[in-house]
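Notes follow the structure.
No value in this document is a laboratory result; all are computed from the given coordinates. Keep in mind that what you see is a predicted model, and the values were worked out from it rather than measured. For neighbour counting, all protein chains shown are included, and Cβ atoms are generated from backbone atoms with ideal geometry for every residue, glycine included.
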Amino acid sequence: MILEIVQYGHPALRQPGRRVEAVNDEIRQLAADMIETMHQAEGIGLAAPQVGRALQLFVLDLSAVKDRPSTLEINGQPTDPASVMPLVLVNPEITLLGPPAAGAEGCLSFPEVYGEIVRPEGVEVKALNPQGEPVAFRCGGLLSRAVQHEYDHLRGVLFIDRMTDHVRQQLQPELDRLMAETRARLGRAR
């Protein structure tokens, strides 16, 4: 089922996600719906707060991206990132690795808004999979950037919060327009 992706200005985007107490059929269905929604929106990642659910859950699928490489290590062994896509991570914990690197980012909650963001090159991840089993891996490149971006959503942090003042000032008119549109929609929904 395609879910509504909330846009900038919606309060759900600033609400930190709660830990998922049990990985059950409801959580698996939510993850499946989020993957379907992400694919339909042509995105590479989607966090539960972006569909109005304050839970620590996000999905990723970078298999269609060919121009921005990713690395993945599972149990210390290099692994093809495409082999684990789509990826569902429940209650993720991350450890940032490596020096900072700049890269372009967008967000499904900010249509047509892109900015340069500096993030650590790599990340170590521990989470649960859709069966409730522990998973752990290290990643770099676009996969690392996407994990960090979606992890931020679980804490109510948006990619615009990580932009330099200069980049954010350049985007401010577009951000103001998105905020006004979202508030107008929310006002009509009441």
Problem - S83 versus H166: modelled label distance in nm, points set 7 Å from Cα along the beta carbon direction - result: 4.2
Handout entry: Environment charge at M34 (Cβ cut-off 12 Å; Lys +1, Arg +1, Asp -1, Glu -1)
Key = -3
Problem - ³J(HN,Hα), Karplus 6.51/-1.76/1.60, whole Hz, each residue of region 175-185, x for Gly, Pro - result: 5, 4, 5, 4, 4, 5, 4, 5, 5, 5, 4
Fill in the blank from the handout: 1/(1 + (r/R0)^6) with r = Cβ-Cβ of E73 and A101, R0 = 22 Å, i.e. FRET efficiency to nearest 0.05, evaluates to 0.80
Fill in the blank from the handout: Applied in sequence order to region 55-71, the curve 6.51 cos²θ - 1.76 cosθ + 1.60 (Karplus, θ = phi - 60°) yields integer Hz couplings, x standing for Gly and Pro, of 10, 8, 8, 9, 10, 9, 8, 9, 5, 8, 8, 10, 9, 10, x, 10, 10
Exercise for the section: Equivalent ellipsoid semi-axes for region 1-53, as square roots of 5 times the alpha carbon gyration tensor eigenvalues: give them largest first, rounded to whole Å. Expected result: 17, 16, 8
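Give me the net charge of S83's neighbourhood, meaning all other residues with Cβ under 13 Å from the Cβ of S83; Lys, Arg count +1, Asp, Glu -1.
Combined, the nearby Lys, Arg, Asp and Glu give -3.
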Exercise for the section: For region 1-112, state what percent of all Cα-Cα pairs lands in each successive 5 Å bin, counting from 0 Å until the bin that includes the largest distance. Expected result: 2, 10, 19, 22, 21, 16, 7, 2, 0
Practice task
Name the residue farthest towards the positive end of the dipole of region 11-189 from the options H39, L57, L97, assuming +1 on Cβ of Lys and Arg, -1 on Cβ of Asp and Glu, about the Cα centre.
Solution key: L57
Exercise for the section: May I ask for the net charge around L175, where only other residues with Cβ less than 12 Å from the Cβ of L175 are counted and Lys, Arg are +1 while Asp, Glu are -1? Expected result: -3
Problem - Where Rh is the Kirkwood radius over Cα pairs, Rg/Rh for region 95-143 - result: 1.08
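When the dipole is taken about the Cα centre of region 11-189, and only Lys, Arg (+1) and Asp, Glu (-1) are charged at their Cβ, what size is it in debye, to the nearest 20?
460
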Practice task
Based on other C-beta atoms within 10 Å, arrange F58, F159 from fewest to most.
Solution key: F159, F58
Fill in the blank from the handout: The relative contact order of region 5-68, taking Cα pairs under 8 Å that sit 6 or more residues apart, comes to a percentage of 40
Fill in the blank from the handout: So for R0 = 45 Å, FRET eff. of E21-R183 from the Cβ-Cβ r, to 0.05, ends up at 0.85
Practice task
Could you give me the radius of gyration and the Dmax of the chain, taking only the C-alpha atoms into account and expressing both in angstrom?
Solution key: 16.2, 52
Completion exercise
Sparse-neighbourhood loop hits (GluC sites (Glu not before Pro), region 33-120; DSSP loop; Cβ within 10 Å at most 13 others) -> E42
Handout entry: Taking K66, K126 and counting other C-beta atoms within 10 Å, the order from fewest to most
Key = K66, K126
Fill in the blank from the handout: So the compactness index of region 145-190, its C-alpha Rg divided by 2.2 N^0.38 Å, takes the value 1.40
Practice task
Taking the Cα centre of region 1-76 as origin, sum charge times position over the Cβ atoms of Lys and Arg (+1) and Asp and Glu (-1), and report the length of that vector in debye to the nearest 20.
Solution key: 300
